[in-house]
Amino acid sequence: MNEITLHELEGESTELLPERETLFFNRANWAGIYASNSSLALNAASLFSTAASSAVQTIVVSQG
């Protein structure tokens, strides 16, 4: 990664983002979030073996 010079830094500008009116409801921002993590592994009645696992992650976001 290259260092930025003071001259390059002075050439940068910023701006404010608009208000998030799409999430505004009764003076509060809200979102319903459901998250689920599940995994299953089986290694039964077997000596000197390995177990494999499969995992699933689900995230659902509802905004209104």
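A compact table of results
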{"quantity": "Residue in segment 15-35 that is farthest from residue 59 (Cα to Cα), counting only those that are modelled with pLDDT of 80 or more and assigned to a loop (DSSP other than H, G, I, E, B)", "calculated": "15"}
{"quantity": "Which numbered condition residue 12 fails, given (1) at pLDDT below 85; (2) part of a loop (DSSP other than H, G, I, E, B)", "calculated": "(1)"}
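The values are calculated or read from the model by the stated rules, or taken from the named source; none is laboratory data. No experiment lies behind these values; they were computed from the predicted model shown.
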